[in-house]
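Chemist: Have a look at this one before I ask anything.
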Amino acid sequence: MYLDIRLMKVTEFDAWDAFTYATPGGSIFSTAEYLDVLCSCTGDSFSIAAIQHEGKFLGGIALYEIRGRWGTVISPRSLLAHNGFFYNVGESKYPSRQESMARGQQQAILECVENSGYGSICIKCRPDIRDVRTFLDRGWTVLPTYSYAVELD
């Protein structure tokens, strides 16, 4: 399956946000709407790399960009609990096909991010990303982190 991964245009952000809210692994921290407000307060910037197949979103990553002494870096920060990618593994009921789709999307996202010229990249994924072999295969360092989710209602 051919996966198209590219940086989104501002005119596509509404469609991205709708996809993010409709996908189980998506969160408000990956929406252009949230990142736009955060960046307007911090002076930083963001971009979104999305994976599409035949014009349909499959996944992607919202990249919070901090300009620093050593170039632009990707990193989580206060008020940005996670900045990792998420994806939809499709409608297959077969775990092997879902695993194959997940690994293919991880590879596409990592290749896009690695080739974007950032000085440093730190991605904090949501807990539903359990298989980190793709990161390890590409020479990334993988460390566990923990947080708590508290119901507010």
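Chemist: From the phi of every residue in region 97-109, what ³J(HN,Hα) in whole Hz does the Karplus formula 6.51 cos²θ - 1.76 cosθ + 1.60 yield, where θ is phi - 60° and glycine or proline is x?
Modeler: Result, rounded to whole Hz: 6, 5, 4, 4, 5, 4, 5, x, 5, 4, 4, 5, 5.
Chemist: Report the GluC sites (Glu not before Pro) located in region 73-153 that are in a DSSP loop and have at most 14 other Cβ atoms inside 10 Å of their Cβ, or state none.
Modeler: Glu91, Glu151
Chemist: Given the options Tyr64, Tyr94, Tyr21, which has the most mean-square fluctuation in a GNM of the chain, springs set between C-alpha atoms less than 10 angstrom apart?
Modeler: Maximum among the listed residues: Tyr94.
Chemist: Here is a further query. Can you give me the Cα centroid spacing of region 104-153 and region 1-66 in angstrom?
Modeler: 15
Chemist: Separate question: Would you mind telling me the antiparallel percentage of the DSSP bridges in the chain, rounded to 5?
Modeler: 90
Chemist: Still on this structure, please answer the following. Of Lys124, Lys9, which has the most accessible area with a 1.4 Å probe, and how do the rest follow in descending order?
Modeler: Lys9, Lys124
Chemist: Note down the magnitude of the dipole of region 100-149 about its Cα centre, charges +1 on Lys and Arg C-beta and -1 on Asp and Glu C-beta and zero elsewhere, to the nearest 20 debye.
Modeler: The calculation lands at about 140 debye.
Chemist: Another question about this same structure. With n ≥ 4 as the cut-off for DSSP H runs, can you work out [θ] at 222 nm for the chain, using -39500 (n - 2.57) per run divided by the number of residues, rounded to the nearest 500?
Modeler: Theoretical 222 nm ellipticity from helices: -9000 deg cm²/dmol.
Chemist: Using only the Cα atoms of region 52-153, what semi-axes does the equivalent ellipsoid have when each is the square root of 5 times a gyration tensor eigenvalue? Give whole Å, largest first.
Modeler: Ellipsoid semi-axes (Å, largest first): 24, 19, 14.
Chemist: Accessible area, 1.4 Å probe, largest first: how do Ser47, Ser96 sort?
Modeler: Ser96, Ser47
Chemist: Near Cys112, within a Cβ-to-Cβ distance under 11 Å, what is the net charge of the other residues, with Lys and Arg +1 and Asp and Glu -1?
Modeler: Cβ neighbours under 11 Å give a net charge of -2.
Chemist: Ile121's amide H: which non-local residues (gap 5+, or another chain) put their own amide H closer than 5 Å, with H modeled 1.01 Å from N in plane and none for Pro or chain starts?
Modeler: When sequence neighbours closer than 5 places are left aside, the close amide H contacts are Ile74.
Chemist: Then there is this: How much of the accessible area of the chain, probe 1.4 Å, is carbon plus sulfur, in whole percent?
Modeler: 54
Chemist: Could you put Asp14, Asp4 in order of accessible surface area, largest first, with the 1.4 Å probe and the full protein assembly present?
Modeler: Largest accessible area first, the residues go Asp14, Asp4.
Chemist: Right, another one. Given a 10 angstrom Cα cut-off, can you work out which residue in Ala49, Ala22, Ala108 is the most mobile in a GNM of the chain?
Modeler: Looking only at Ala49, Ala22, Ala108, the biggest GNM fluctuation is shown by Ala22.
Chemist: Got a sec to turn the phi values of region 55-70 into Karplus ³J(HN,Hα) couplings, 6.51 cos²θ - 1.76 cosθ + 1.60 with θ = phi - 60°, whole Hz, x for Gly and Pro?
Modeler: In residue order, the calculated couplings are x, 10, 5, 10, x, x, 8, 9, 9, 7, 9, 10, 7, x, 4, 9 Hz.
Chemist: If you don't mind, another one. Considering the chain as a Gaussian network with a 10 Å cut-off on Cα pairs, which listed residue, Gly55, Gly119, Gly26, attains the greatest mean-square fluctuation?
Modeler: For the chain, modelled as a Gaussian network with Cα springs under 10 Å, the answer is Gly55.
Chemist: Further question on the same structure: Can you give the charge dipole size of the chain about its Cα centre, rounded to the nearest 20 debye, using +1 on the beta carbon of Lys and Arg and -1 on the beta carbon of Asp and Glu?
Modeler: Charge dipole, the chain, about its Cα centre: 480 debye, nearest 20.
Chemist: Hey, another quick one. Return a whole-number percent for the relative contact order of the chain, with Cα pairs under 8 Å and 6 or more residues apart as the contact set.
Modeler: 21
The values are calculated or read from the model by the stated rules, or taken from the named source; none is laboratory data. Predicted model only: the values in this text are computed from it and were never measured. Cβ atoms come from the backbone with ideal geometry, glycine included; neighbour counts cover every protein chain shown. Heads up: the accessible areas ignore ligands, DNA and RNA and are worked out on the full protein's heavy atoms, side chains in. Shrake-Rupley method; radii C 1.70, N 1.55, O 1.52, S 1.80 Å.
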